[in-house]
Ligand code: AMP
Ligand code: FE
Ligand code: FE
Ligand code: ZN
C-alpha cells in the first residue's frame with residue numbers, strides 16, 4: 001500500500017537537492033547549472049555550494065527565467081568528534097551574522113591551507129604557483145582541492161581530478177593539508193536560528209573513518225538535525241538500506257541527490273539520485289517551522 005501511494009504521489013516529479021557551481025568547486029556558473037538541471041528534466045534543484053551562498057542570486061534569476069523550482073542551500077564543512085562532516089543547510093537567511101561569521105572562518109581556512117598544499121607539491125618537484133590555482137578557480141568564493149587538481153591538470157601533471165586526488169590530494173597522500181571546519185553541533189543551532197534546516201550529506205560516504213554511527217545520528221537528531229542524505233553515489237545499496245532504516249527510526253527526512261559538480265566529478269550526473277516528493281515536502285515543512293520558531297517569515301522558494 002505504502003509503495004503504491006508513494007509511486008502515485010511521486011509520479012513525474014524529479015527533485016535533486018545537492019549540486020555545486022563555480023561559486024565553489026563545480027564547473028558551471030550558477031545560471032548554467034540551473035539551466036542544465038531543467039534540461040535534465042528536474043522539477044526542483046537545490047544549489048548547495050561549499051560554504052557559500054554567493055551563487056544564489058544568479059541561480060535565482062536563471063530559475064525564474066527557465067521555470068524550475070530552486071532551493072537555496074549550501075554545504076557547510078563541519079567537524080564532529082574529530083571527523084569531517086558535510087552539513088547541507090537549506091533556506092537559511094544568508095545574512096544572519098553568526099552564519100556569515102561561521103562561513104567566513106571556513107572560507108579563511110580554505111584560503112590559508114592553499115599555500116601549504118602548493119609547498120608540498122613543489123617539494124615533490126611539481127612547479128605549481130598560486131597563480132596556476134587562481135586562474136582555474138576563477139571567481140570561486142570557496143577554493144579547495146578540486147581547484148588545485150584543475151591546476152595540476154593544466155600543468156599536465158594529471159589527467160583529471162580523480163587522479164589528482166588519488167595521487168596527491170586525498171588524506172594520507174603527500175600534498176594533503178588539513179583545514180578548519182565548523183563545529184557541527186554549533187552549526188545545527190546557527191542554521192536553525194537563521195531559519196533553515198539541516199541534512200547530513202553522504203553520512204557514510206567514501207571516508208571509512210568519518211562515519212557518524214546510529215547513536216551519533218540520534219544525538220544530532222535530538223539537537224535539531226532534520227535529515228540525512230541516503231541516496232548518494234558514495235553509498236552502495238546495503239548502506240542506503242541501513243541509513244533509510246535509521247532515518248525511519250529517528251524520524252529524519254530522507255533525501256537523495258546527485259552531488260553534481262559539472263565535469264568535475266564523474267558518475268554524479270544531475271538527477272542520478274532524487275528525493276521523494278513527500279520527503280521534500282517534509283523538509284519544506286520543517287523549514288517553515290524553523291523560520292517561525294526563529295521569529296522569521298516562512299522562506300519563499302524561487303519558482304519559475
Ligand atoms: P576540499 O573542499 O578542499 O576539502 O575538497 C573536497 C572536495 O573535493 C569535495 O567537495 C569533492 O567535491 C572533491 N573531491 C574529492 N574527491 C574527489 C575525486 N576523487 N574526484 C573529484 N573530486 C573530488
Ligand atoms: Fe565538492
Ligand atoms: Fe560533500
Ligand atoms: Zn557536495
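The values are calculated or read from the model by the stated rules, or taken from the named source; none is laboratory data. Predicted model, so just to flag it, every value in this text is computed and none were measured. Cβ coordinates were reconstructed from backbone atoms using ideal geometry, including for glycine residues, and neighbour counts include every protein chain displayed.
So that you can scan it fast, the table gives a plain yes or no per residue for (1) within 16 Å of ligand 2 (Cβ to nearest atom); (2) under 30 Å from residue 220 (Cβ atoms); (3) more than 21 Å from the chain's Cα centre (by Cα):
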site: 103; (1), (2), (3): yes, yes, no
site: 137; (1), (2), (3): yes, no, no
site: 150; (1), (2), (3): yes, no, no
site: 158; (1), (2), (3): no, no, yes
site: 162; (1), (2), (3): yes, no, no
site: 172; (1), (2), (3): no, yes, yes
site: 177; (1), (2), (3): no, yes, no
- Item | Output for the stretch 10-34, where each listed residue is in contact with a helix residue (DSSP H, G or I) (Cβ under 7 Å, 6 or more places away or on another chain), without any contact (Cβ under 8 Å) to a residue 40 or more places away in the chain and surrounded by fewer than 24 Cβ atoms within 10 Å (Cβ to Cβ) | 29, 31
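Step by step: first the residues of the stretch 62-87, then only those that are touching a strand residue (DSSP E or B) at 6+ places or on another chain (Cβ under 9 Å) and in a helix (DSSP H, G or I), then the one that is farthest from ligand 4 (Cβ to nearest atom). Which residue is that?
Among them, the one singled out is 64.
Would you pick out the residues in the stretch 88-104 that are in contact with a strand residue (DSSP E or B) (Cβ under 9 Å, 6 or more places away or on another chain) and in a loop (DSSP other than H, G, I, E, B)? Quick ask: steps written out before the conclusion?
The initial filter retains those residues of the stretch 88-104 that are in contact with a strand residue (DSSP E or B) (Cβ under 9 Å, 6 or more places away or on another chain), namely 88-92, 94, 99, 102-103.
Within the stretch 88-104, 91, 92, 94 qualify.
Pick out the one residue from 65, 119, 131, 69 that is within 20 Å of the chain's Cα centre (by Cα), surrounded by fewer than 20 Cβ atoms within 10 Å (Cβ to Cβ) and more than 13 Å from ligand 1 (Cβ to nearest atom).
Working: 65 fails: within 20 Å of the chain's Cα centre (by Cα); 119 fails: within 20 Å of the chain's Cα centre (by Cα); 131 fails: within 20 Å of the chain's Cα centre (by Cα).
Just a single option satisfies the conditions, and that option is 69.
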- For the stretch 252-269, enumerate the residues that are more than 15 Å from ligand 1 (Cβ to nearest atom) and touching a helix residue (DSSP H, G or I) at 6+ places or on another chain (Cβ under 7 Å). 252, 253, 254, 255
- Query: Any residue at all in the stretch 38-57 that is on the phi > 0 side of the Ramachandran plot, at pLDDT 95 or above, buried (at least 24 other Cβ atoms within 10 Å of the Cβ) and within 16 Å of ligand 1 (Cβ to nearest atom)?
  - Reply: yes
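Among the residues of the stretch 168-179, which ones are surrounded by fewer than 23 Cβ atoms within 10 Å (Cβ to Cβ) and either within 16 Å of ligand 3 (Cβ to nearest atom) or within 28 Å of residue 282 (Cα to Cα) (or both)? Step through it out loud before you land on a result.
Within the stretch 168-179, the subset surrounded by fewer than 23 Cβ atoms within 10 Å (Cβ to Cβ) is 168, 170-174, 176-179.
Answer for the stretch 168-179, where residues must be surrounded by fewer than 23 Cβ atoms within 10 Å (Cβ to Cβ) and either within 16 Å of ligand 3 (Cβ to nearest atom) or within 28 Å of residue 282 (Cα to Cα) (or both): 170, 171, 179.
If I go through the stretch 236-277 residue by residue, how many of them are within 28 Å of residue 30 (Cβ to Cβ) and surrounded by fewer than 16 Cβ atoms within 10 Å (Cβ to Cβ)?
At the first step, the residues of the stretch 236-277 found to be within 28 Å of residue 30 (Cβ to Cβ) are 253-277.
Those left that are additionally surrounded by fewer than 16 Cβ atoms within 10 Å (Cβ to Cβ): 263, 266-267, 269.
The qualifying residues number 4.
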- Among the residues listed as 294, 287, the single one being touching a helix residue (DSSP H, G or I) at 6+ places or on another chain (Cβ under 8 Å) and touching a residue at least 12 places away in the same chain (Cβ under 8 Å): 294
- Of the listed residues (32, 58), the one being in a helix (DSSP H, G or I), closer than 16 Å to residue 71 by Cβ, more than 14 Å from ligand 3 (Cβ to nearest atom) and out of contact with any strand residue (DSSP E or B) (no Cβ under 6 Å at 6 or more places or on another chain) is 58
